[in-house]
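Some notes on the structure that comes next.
The values are calculated or read from the model by the stated rules, or taken from the named source; none is laboratory data. This structure is a prediction, so every number in the text was calculated from the model and none was measured. Positions of Cβ are backbone-derived with ideal geometry, glycine not excepted, and every protein chain shown enters the neighbour counts. Calculation scope for accessible area: heavy atoms of the full protein, side chains included, ligands and nucleic acids excluded. Shrake-Rupley method; radii C 1.70, N 1.55, O 1.52, S 1.80 Å.
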Amino acid sequence: MRYAVTGAAGFIGSHLAETLEAAGHEVVGLDCFTDYYDPALKEENARGLDVRRVDLAEDALDFSGVDGVFHLAGRPGVRSFGDVFPLYLRHNLLASQRVFEAAARDGVRVVFASSSSVYGATARYPTPEDAEPRPLSPYGITKLACEHLAEAYVRAFGLDCVTLRYFNAFGPRQRPDMAFTRIAFSLAEGRPFDLYGDGAQSRSWTYVGDVVAGTVAAMERGVGTYNVGGALEASMNESIELLERISGRTLDVRRHEAVPGDQRRTQADTTRIRGDLGWEPRVSLEEGLARQWDWASARVGTA
Ligand SMILES: NC(=O)c1ccc[n+]([C@@H]2O[C@H](COP(=O)([O-])OP(=O)(O)OC[C@H]3O[C@@H](n4cnc5c(N)ncnc54)[C@H](O)[C@@H]3O)[C@@H](O)[C@H]2O)c1
């Protein structure tokens, strides 16, 4: 098969592109290397892949000749209030509208990477796909708007689209703004770690290889919307303890007020994706964190 992967220079997109290539597929990556984090890291992620510099929000898009589009490009991060909001509109909403438009026109199936952030203040745990979405951050709101936009293209133009709600992915190459990468590099470099909130906030951590497996299965045989979430919920405090144990080091934690828009808890109900796609998370938090620590410590030369 020949697949397009948007966001192929990013954390999850680069793992997905590599997995697809390893399975014998041809992959065309599309990414504009935004400066949300250091583009040099994205250059590294993209090494060995065919990633074309395309800004989905403005460049011409042509999906004729591809068998499916994995749409992972976007601007992540819940710190999305204030002046940065236009960037969330551009890289999430506008870019996705243009991807859906082109895919509907070219008759190509899309798997769209949405987020557990659409659930926000939903108080049902574990959270099933039909829980009422109540996003707490502008980021989550743009992702929910993208989901509705996809649905509108499905109804109006017969777009073939599957939506995945990823729950905190982790593993090697995790984005530098994400907690485990910040903790691992603080430990490796002996720097203090800024913890926002009391550390009791918890997440359904999902190993990136499992996220990729769920994403590929969704392209092959998914219908509708699926949670892609890890089996284990762990708090920040528990995750810090685990990384300290794995690294044999002690983290110097500086505590700060919680960040607005941050969810207290995420816990995925994965009944639907297990039943439909036979997917389940395989890599435990401990095993995945050990791999992430090996990656981070090798990068700073402390391995
Ligand atoms: N990492 C997670 O835990 C997580 C959780 C929920 C949802 N998601 C979603 O999954 C997707 C991938 O996340 P990630 O952590 O790999 O993020 P990432 O920032 O590492 O990757 C996203 C990539 O998209 C590219 N991009 C952004 N706007 C673009 C545009 N207009 N045109 C072309 N390329 C553009 C960026 O340059 C970047 O390389 C994102 O859509 C994110 O919102 C991620």
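Brief remarks on what is shown
- Some residue of segment 128-144 being surrounded by 20 or more Cβ atoms within 10 Å (Cβ to Cβ), touching a strand residue (DSSP E or B) at 6+ places or on another chain (Cβ under 7 Å) and closer than 18 Å to Gly288 by Cβ: no
- Looking at segment 199-303, the strands (runs of 3 or more DSSP E) lying wholly inside it that each contain 1 or more residues that are of a type in the set (Ser, Thr, Tyr) sit at 202-204, 224-228, 233-235.
- Count of segment 235-250 residues which are in contact with a strand residue (DSSP E or B) (Cβ under 9 Å, 6 or more places away or on another chain) and surrounded by fewer than 19 Cβ atoms within 10 Å (Cβ to Cβ): 4
- Subset tally (residues that are farther than 18 Å from Arg165 by Cα and under 21 Å from the mean Cα position of the chain (by Cα)) for segment 218-239: 4
- Residue check for Gly65: assigned to a loop (DSSP other than H, G, I, E, B), under 12 Å from Gly13 (Cβ atoms) and open to solvent by 30 Å² or more (accessible area, probe 1.4 Å): no
- Exactly one residue among Ser116, Ser96, Ser80 is open to solvent by less than 30 Å² (accessible area, probe 1.4 Å), over 14 Å from Thr6 (Cα atoms) and within 10 Å of the ligand (Cβ to nearest atom), and that residue is Ser116.
- Pairs, first on the phi > 0 side of the Ramachandran plot and within 11 Å of the ligand (Cβ to nearest atom) in segment 21-45, second open to solvent by 40 Å² or more (accessible area, probe 1.4 Å) and at pLDDT 95 or above, C-beta under 7 Å, six or more apart: Phe33/Pro39; Phe33/Arg53
- Positions within segment 1-20 being in a strand (DSSP E or B), in contact with a helix residue (DSSP H, G or I) (Cβ under 8 Å, 6 or more places away or on another chain) and more than 9 Å from the ligand (Cβ to nearest atom), in sequence order: Tyr3, Val5
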